[in-house]
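The values are calculated or read from the model by the stated rules, or taken from the named source; none is laboratory data. It should be emphasised that the depicted structure is a prediction, and the values quoted were computed from it without experimental measurement. Counting neighbours? That spans all protein chains shown, and the Cβs are built from the backbone with ideal geometry, glycine included. Areas reflect the complete protein model, heavy atoms only, side chains present, ligands, DNA and RNA absent. Shrake-Rupley method; radii C 1.70, N 1.55, O 1.52, S 1.80 Å.
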Amino acid sequence: MATDDRPDAEDASTGDDSSTERSRIDRRQLLRAGVNTGVAATLVWGVGAANYVSSEDLGSITYALARPSPDADGTDLEPRTKDVPIPWQESLRLAFDAQDAIHDLGLSPLISSFVVPGSYDRPEASVSVNATDEGVLEQIEDVTSSVPIDLTVVDEIPPPPEQEADESDAYRVQDLDPERVPGGVVCHSERASGTLTPALFDAEDGSRYFATSNHVYGEQGTKEEEHSGEPLELRSDEDDERHRIGEVVRGYPAADTVQIDPVDEFRPATEIERAEPSTVIGQFTRDGLADLMAREATLEKIGAFSDHTVGEVQGVNAVTCYAGEICKPGQLVWGNEEDLTDGDSGSVNFRADPENPDDYVLVGGINNARTWWPGGDFTWGTAAHHLLEKHGLHF
């Protein structure tokens with residue numbers, strides 16, 4: 001998160017009864033039976049897919065897209081595939097369709113919704129919905145078919161408390177090598193501080209860019225071209241001076257991401273400082289993130305202010321309307337509110353590459369915000385797959 005203009009402040013929950021009452025949360029679950037998976041096998045949800053899914057009942061997903069080597073052209077992405085149970089895969093597709101239909105409704109009481117994949121032995125996926133009015137459920141029912149909906153009614157989300165990160169705690173690049181500027185270190189706009197991502201690639205021409213959260217440049221991340229040409233600076237621990245390493249190309253408000261062109265001799269590296277391993281080779285797809293959740297696998301993060309944290313995926317293909325001026329699709333919900341702090345915005349979440357776990361990592365997405373209200377406990381940001389699908393940018 002940035003040190004000002006922040007949509008992602010700390011948790012406001014202090015255990016105060018009046019605060020809890022103002023932000024009363026009511027959970028209601030609409031369960032529908034008989035999910036139609038479109039496959040020949042007869043399914044009984046909850047029995048355990050491992051008990052009846054044979055090798056013939058496996059389908060394939062592309063769980064990641066990766067470059068053949070860290071220095072490969074950014075236009076060269078190779079699919080990584082794996083087999084998964086067809087019942088899980090088909091239930092996930094229904095949930096993705098339901099989530100898209102909910103988003104298309106544009107309901108004003110909606111503050112977030114995301115897909116919750118099932119596990120491989122309990123494969124039914126659902127959609128988690130947060131809204132300010134339980135009447136939204138009737139409208140959702142008309143478009144979500146047989147997908148289970150878990151509705152949470154939040155009476156009020158208080159404004160985020162204003163706090164400022166202590167920059168003396170930020171991790172600076174230790175020995176600035178212009179030819180290798182890594183992610184995971186503190187970076188600065190003229191207004192605030194954030195965390196630098198590893199190299200971001202243009203899928204069409206392979207160009208490398210610096211990037212961080214768009215809200216680091218102010219106005220709650222709503223700028224598109226107004227900040228074009230503004231500097232990105234890096235402070236080295238070696239000389240304690242700010243170095244101008246790039247200039248803003250444009251911002252993507254709905255993705256809360258800013259694309260920054262390197263200047264002079266500076267070059268973004270496919271590295272995350274202090275991560276082990278540290279070299280980024282590619283990114284998870286939407287299905288790949290769902291697979292991580294199905295297996296209760298964790299993601300990691302290296303932030304310039306809060307350093308290393310680990311947490312499980314909580315939801316994929318999310319739409320969040322908690323922070324900033326606009327709703328944001330293509331979000332990844334993971335971990336808890338302790339996994340991010342002010343100044344960490346722009347950091348990425350990642351996991352070791354399954355095919356090369358000792359050498360490379362795959363990125364899940366950019367971290368932009370965290371919860372601050374009673375009953376909410378997660379971190380969120382734009383998934384890497386969404387950046388590629390909507391803006392032609394990837395890790």
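Check the chain for me: any Cys whose beta-carbon has no other cysteine beta-carbon within less than 4.7 Å?
187
Run lengths n ≥ 4 of DSSP H only: what is the helix-derived mean residue ellipticity at 222 nm for the chain, with -39500 (n - 2.57) per run over all residues, to the nearest 500?
Mean residue ellipticity at 222 nm (helix-derived): -3500 deg cm²/dmol.
Would you kindly find the accessible area of residue 339, with a 1.4 Å probe and non-protein molecules such as ligands, DNA and RNA excluded, rounding to the nearest 10 Å²?
Its heavy atoms expose roughly 10 Å² to the probe.
Going through the DSSP H helices of the chain, which span 18 Å or more along their own axis at the Cα atoms while scoring at least 1.0 as a mean Kyte-Doolittle hydropathy?
Membrane-span-like by this criterion, though nothing is claimed about a membrane: none.
If the cut-off is 20 Å between C-alpha atoms, which lysines fall inside it for residue 390, apart from same-chain ones fewer than 8 positions away?
Leaving aside lysines fewer than 8 places away in the same chain, those within reach of residue 390 are 223, 328.
In the stretch 134-216, what trypsin sites (Lys or Arg not before Pro) fall in a loop by DSSP, with at most 16 other Cβ atoms inside 10 Å?
Those that pass, being in a loop and sparsely packed, are 191.
What residue among 106, 343, 251 has the largest mean-square fluctuation in a Gaussian network model of the chain, using Cα springs under 10 Å?
Comparing 106, 343, 251 in the GNM, the peak value goes to 106.
Just check the stretch 197-269 against the gyration tensor rule for me: Cα atoms, a ≥ b ≥ c as the square roots of the eigenvalues, rounded for a/c under 1.5, and otherwise prolate or oblate depending on whether a/b exceeds b/c.
Note, shape of the stretch 197-269 comes out oblate.
Take the alpha carbon gyration tensor of the stretch 233-370, find the square roots of its eigenvalues, order them as a ≥ b ≥ c, and report rounded if a/c is under 1.5; if not, report prolate when a/b exceeds b/c, else oblate.
Oblate.
For the stretch 185-191, take each phi angle, set θ = phi - 60°, evaluate the Karplus expression 6.51 cos²θ - 1.76 cosθ + 1.60, and give the result in whole Hz per residue in order, putting x for glycine and proline.
10, 5, 9, 9, 9, 6, 10
Counting other C-beta atoms within 10 Å, and keeping those with at most 16, which DSSP coil GluC sites (Glu not before Pro) do you find in the stretch 122-208?
Qualifying residues, ordered by number: 134, 156, 162, 164, 179, 190, 204.
When the Cα atoms of the chain are enclosed in a convex hull and the volume is divided per residue, what value in Å³ results?
For the chain, the hull spanned by Cα atoms encloses 133 Å³ per residue.
Taking only protein heavy atoms into account and a 1.4 Å probe, give the accessible area per residue of the stretch 73-226 in Å².
41
Relative contact order for the chain: what is it in percent, counting Cα pairs under 8 Å that are at least 6 residues apart?
21
Taking amide H positions as placed in the peptide plane 1.01 Å from N, state which residues far from residue 330 in sequence (5 or more) or on other chains have amide H under 5 Å from it.
For residue 330, the qualifying residues are 318.
Tell me, what % of the accessible area of the stretch 86-207 is carbon and sulfur with a 1.4 angstrom probe?
The C+S portion of the solvent-accessible surface of the stretch 86-207 is 40 percent.
For the stretch 298-353, what is the accessible area per residue in Å², given a 1.4 Å probe and the full set of protein chains?
Dividing the accessible area of the stretch 298-353 by its residue count gives 26 Å².
Considering only DSSP states other than H, G, I, E and B, which GluC sites (Glu not before Pro) in the stretch 211-284 qualify as loop sites with at most 15 other Cβ atoms within 10 Å?
224, 225, 226, 238, 241, 265
For the stretch 127-194, what does the relative contact order come out to in percent, with C-alpha contacts under 8 Å and a separation of six or more?
After rounding, I find 27 percent.
One quarter of the convex hull surface, Cα atoms only: what value does that give for the stretch 95-196 in nm²?
If you wrap the Cα atoms of the stretch 95-196 in a convex hull and average its projections, you get 11.5 nm².
Expressed as a whole percentage, what fraction of the accessible surface of the stretch 243-370 belongs to carbon and sulfur atoms when a 1.4 Å probe is rolled over the protein heavy atoms?
Taking all protein chains in place, the stretch 243-370 shows 37 percent carbon and sulfur surface.
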